[in-house]
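All of the numbers you see were taken from the coordinates with simple rules; none came from a lab. Being a predicted model, the structure only gives us computed values, none of them experimental. Here the Cβ is made from the backbone with ideal geometry for all residues, glycine too, and neighbour counts use every protein chain on show.
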């Protein structure tokens, strides 16, 4: 028990890796066994992160459950883990979505073993980003997650997968290049990778570097970090990898991609950009806000224009993540000014929106996948009038779409409201435009529902068994439940987030 | 007297080589058995030596010194430090895996293994040499068998051209370096070739400035330093698989290592003057090598040019003249050695089965040889510096070092990473996935268990170093201490 308590985060982090190794040792010819082992193994990190959630003391400052051990000491990097109120919800989101994705992937028939092993490795990669308190370690996990994701798209994706997977990889690796160089520069100047130490020393550093004024160096480094994270979020105009990757990825891959991977980018802003570059973030917050609004509006328009159901959902992620970035930008701008209280609200909204979008986007991609598996088409014009053929599916789709649309009573409303409420006094114009974007969100979501479910009874699919299976209902039920719970009683989650955000921006 | 472990490591291969040459040519199984046994002994002993080294104590350990030609100040003087010991281990690993994957060599295996083992002794000898004359002695032993191995067992189309080109390049390089070594011998006035004494000879600044480039470029040829890298892709491609592994995996490190040991460590003042501009040559290596690799259609040439690119990183680390840079270079020599041995092993296995190395004519191999595909992917990820694998652990400190010397070089060199990622991923997709050409369908089988063992060992090392660098980094770091001392903490 002692071991579990003192290594809680390591156990959360590496259980999936161990499970992946275990899977490889199991016989390939027994897909059933492989699936159940993977599912059960992925429940372990979920249980452990619930333990962490229970034991987490939201009123204590700083990081909790910290672990520190030597890793690459020759260049001063350590295995340093810890969570605070910003990362803990993300850890919970990751460990929650992974078992659901594995459940959704039960329908995969081809090379089940490798698929599941890669998926579990991906989980370790994502968790590592949220848990790392060492800049180099952060980068290691940041990149490591790319490899399994690349192969998930490249090997199990649909028709255009080669293009989509390479684009995903090159975009993200290209984006991380600046991050890598900036990390090296920071290490050289400050002499450590340890985040808490960097938080103290780097922002207050005041000497010229490399023959350039410190302000210039910091600005360049700020943009190197920002672009890397903006690509991952993705912020307009860096989003073009996303529709391809999402559309081509297998269902479980799209779920985790939209559910967690995009959050890595936003988390990078919270964990690194804002604390390390407060002045630059403040100075350029308007740029971020502008791009965020562009993402909200263009994302919604693009989504509305799609005739491919999955692409429509993919573009909706651009739209929703725009609100996260808007909240972050508002908070960066107003930090330390008279409207700091609004900054805290906007930030709360941004973090909660990360969580909520994780639930709703994963749910939407799952539902698209359910339909695709039965009809082998994603073309909206091929559907229509499916409601009578699959009433339960229809109900679930409407519920999840409403969550995504931001219907009051469901999670999305709370977080988008907080973002808008917090940003309004800070960026009135941007926020106003973003709210118009909300209207468009309604438009495309309703368009999807109408095209899929309503209209005259569809004769083409009459013979097909369209109704959702019990296993699939189990996979989506937790998401629906959480959307409802957060919509009605968000306090259990917001209190944790708020305590951390207030300390950072209060 | 202590157990002379280094001497045994050095001479095991050559003794085995001679025994093999004395065996009757038709007893192929026996020949292979002896080869495997000898390489296993060398590997086990190098592992033992690796873990026997006392890091806190540092310096040269397991030293042995016997007068050889005392009249000329030449002795048999060997020892290892934190920089050479990983390379001894590397040689042991490459030798062992090279024998495993050469099991199928059917054309005169006796001579093949005989020459290969003589070469191995030369390589081990250079890494442990503490005497300048002895270092050259082993250096030439390592180079000459290469000529025969390529010219006789190489790829028929280019083997004579490549063998000649390689040998001439390397001989010229070593002669130039030898001139530099003789200059040091005479200038020191110490009447000795002992490198530890020459380190303290206190050569004048002017002398060092003149002779450093001579020595550094002389050895740099073997390290593949631009613009003298030209022999290496041709040589790699023409060589039979095990020789390519040795060649790119170990021999190129010989050049870099000797350039460090003789050039930088004996002439540190010269190094400080010249390396700041040599860094740009190394940069060319990195970026140009990667770009050329990207446009190749011959699988083996891609790997050949990728070696040029990666050895450029080693040189970059040296040229950064910083502690981190040298740690990175030390690790990169090991990591690249293992990685490229893995690459050439994979290329050889593919060629043996598909009978072509033309990338457009390959495809879908992951279905018939899954483990080979996995191994290549591991190597590929190492090559693009993916965190969690050894390439990252090695390249990151190099970049740190270069940052402190020339930030702009670090930024440009980083572009090489993206280029590498692009060509590796394209190859993985074309060669191992996608449809298999019809004429090959049904003709390509999986590799042998021995091949799998070799690939497994190499992949394991790459992953182990990437996940947990602490089993090598502190050792390399202790070796770098002495380099830094000579460079005056620069």
Any idea how far the Cα center of the stretch A:404-468 sits from the one of the stretch A:473-498, in Å?
18
Nearest 10, in degrees from 0 to 90: the angle of helix B:323-354 to the longest Cα principal axis of chain B is 30
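Under the rule a/c < 1.5 gives rounded, and otherwise a/b versus b/c splits prolate from oblate, where does the stretch B:324-369 land using the Cα gyration tensor? Please report the intermediate quantities before stating the final value.
Numbers: a/c = 3.41, a/b = 3.36, b/c = 1.02.
The shape class here is prolate.
Averaged across the residues of A:138-150, what count of C-beta atoms belonging to other chains lies within 10 Å of each residue's C-beta?
Numbers: counts 1, 3, 9, 2, 1, 7, 7, 0, 4, 7, 0, 0, 2.
Per-residue shielding by partner chains comes out at 3.
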Radius of gyration, Dmax [chain A; alpha carbons; angstrom]
21.8, 73
Hull surface divided by four, with the convex hull built on the Cα atoms of the stretch A:227-301: how many nm²?
5.0
Based on other C-beta atoms within 10 Å, arrange A:96, A:166, A:436 from fewest to most.
A:436, A:166, A:96
Distance between the C-alpha centers of the stretch B:273-331 and the stretch B:139-207? Whole Å please.
21
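Hey, got the average number of other protein chain Cβ atoms within 10 angstrom for residues in B:413-426?
3
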Rounded to the nearest 10, the angle in degrees between the Cα long axis of helix B:449-467 and the longest principal axis of the Cα atoms of chain B comes to 50
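Can you give me the Rg/Rh ratio for the stretch B:346-437, using Cα atoms for both radii and the Kirkwood formula for Rh?
Rounded to two decimals, Rg/Rh equals 1.10.
Count, for each residue of A:227-238, the Cβ atoms from other chains sitting within 10 Å of its Cβ, then give me the mean as a whole number.
Details: counts 0, 0, 0, 0, 0, 0, 0, 0, 0, 0, 0, 0.
So the per-residue partner count for this stretch is 0.
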Mean Cβ-within-10 Å packing, highest first, puts peptides B:443-453, A:313-323, B:99-109, B:140-150 in the order A:313-323, B:140-150, B:99-109, B:443-453
Stretch residue B:155-residue B:72 to full length: gain in nm at 0.36 nm per residue minus the Cα-Cα span?
25.6 nm
So how far apart, in nm, are the two label points at residue B:21 and residue A:110 if each is 7 Å from Cα heading toward Cβ?
5.4
Viscosity 1.306 mPa s, 10 °C: Kirkwood-radius Stokes-Einstein D of the protein assembly as shown over Cα pairs, µm²/s
53
Listed peptides A:345-358, A:33-46 by packing density, highest first (mean Cβ within 10 Å):
A:345-358, A:33-46
Relative to the first principal axis of the alpha-carbon coordinates of chain B, what is the inclination of helix B:84-101, with its axis defined by its Cα atoms, in degrees from 0 to 90 and to the nearest 10?
20
Contact order relative to length of the stretch A:1-134, as percent, for alpha carbon pairs under 8 angstrom and 6 or more apart
37
Based solely on its DSSP helices, what 222 nm [θ] is calculated for chain A when runs of n ≥ 4 H residues each add -39,500 (n - 2.57) and the sum is averaged over all residues, nearest 500 deg cm²/dmol?
-23500 deg cm²/dmol
In what order do A:214, A:153, B:412, B:66 fall by count of nearby beta-carbon atoms within 10 Å, going from fewest to most?
B:66, A:214, B:412, A:153
Determine the principal axes of the Cα atoms in chain B, then give the extent along each, sorted from largest to smallest and rounded to whole angstroms.
69, 56, 42
State, to one decimal in nm, how far the label point of residue A:484 lies from the label point of residue A:7, with both points 7 Å from Cα in the Cβ direction.
4.0
Quick calc: nm separation of the 7 Å Cα→Cβ label points for residue B:471 and residue A:209 -> 3.5
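Among B:199, B:441, rank each residue by its count of other Cβ atoms within 10 Å, from fewest to most, as a rough exposure measure. Numbers along the way, then the final one.
Numbers: B:199 17, B:441 11.
Exposure proxy ranking, most exposed first: B:441, B:199.
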If contacts are Cα pairs under 8 angstrom and at least 6 residues apart, what is the relative contact order of chain A in percent?
15
Give me the three principal axis extents of the stretch B:1-82 from the C-alpha atoms, as integers in angstrom, largest value leading.
48, 36, 21
Kindly list the residues of the stretch A:468-487 that lie in the label zone of residue A:43, defined by a backbone N under 18 Å from the point 7 Å along the Cα-to-C-beta vector.
A:470-479
Run the helix sum for chain B: -39,500 (n - 2.57) per DSSP H stretch of 4+ residues, divided by residue count, reported at 222 nm to the nearest 500 deg cm²/dmol.
-23500 deg cm²/dmol
